Amino acid sequence: FGHLLLLEKKRYTGLLTMKDGKQINKIFSRGTEDVKKTYIVYGKEKFKSLVQMVFDGLDVNKAIEYVLSIKKEVLEGSVDINKLLLTTKVTKDPSKYKNQLVHTRLALRLINEQKILPIVKREKQMGTRLEYIIVDRAGKNEGLLLSEYDGTINKAYYWEKQIYAPMKRVLDVVYPEHN
């Protein structure tokens, strides 16, 4: 690594400069949102951009400017909806989950509406992959399929949980004296 940020235990990102004896110049991460399948494309892109900018010598004022520009873009609703899709795999009957999270409630609704087949436990676990958008319904996050999208999303959820939280972890390590 040319640069490495240790964010938390088992979470790091860095600029990989050599791999298997070959020179490369690539962001490489473990345990961070940019490599997890359950995070949105837009958040991954912004996370990687921020990391690259930090490795290029980003100062704290430019970092604040960058974060505020992303916040504005998200809260104004100018982000491509396809980059905000969450993807989750449901591998067992949604009624069997202890906590009814957004994706389990969505799967249960889709099964009840006969839009997807019931999920049956098998030896080789297949499950169902759901791609959905988070919306606010009466103060509660709910998932909608892209085909059900009505033009509104829970902008606060996307900003706070999917975009800002991962970037804040990086910024807290790089600029610990700033809020």
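Mean sequence separation of contacting Cα pairs (under 8 Å, at least six apart), scaled by the length of the chain, corresponds to a relative contact order of 20 percent.
In this simple spin-label approximation, residue 175 and residue 109 carry label points 7 Å from Cα along the Cα→Cβ vector, and these lie 3.8 nm apart. Between the Cα long axis of helix 41-55 and the first principal axis of the chain there is an angle of about 10°, rounded to the nearest 10.
Descending by average beta-carbon neighbour count within 10 Å, the peptides 26-33, 92-99 line up as 26-33, 92-99, the highest first. For segment 20-73, the fraction of alpha-carbon pairs lying more than 17 Å apart is 46 percent, rounded to a whole number.
As a rough guide to protection, the peptides 103-112, 60-69, 15-24 ranked by mean Cβ packing within 10 Å, highest first, stand as 103-112, 60-69, 15-24. For the pair residue 68 and residue 138 in one chain, pulling the backbone fully straight at 0.36 nm per residue adds 22.4 nm over the alpha carbon distance. Only lysines eight or more places from residue 115 in sequence, or on another chain, were considered; those with a Cα closer than 28 Å are 36, 37, 83, 89, 92, 96, 98, 124, 140, 155.
No value in this document is a laboratory result; all are computed from the given coordinates. Since we're looking at a predicted model, the values are computed, not measured. Every residue, glycine as well, gets a Cβ built from its backbone with ideal geometry; the counts of neighbours run over all protein chains shown.
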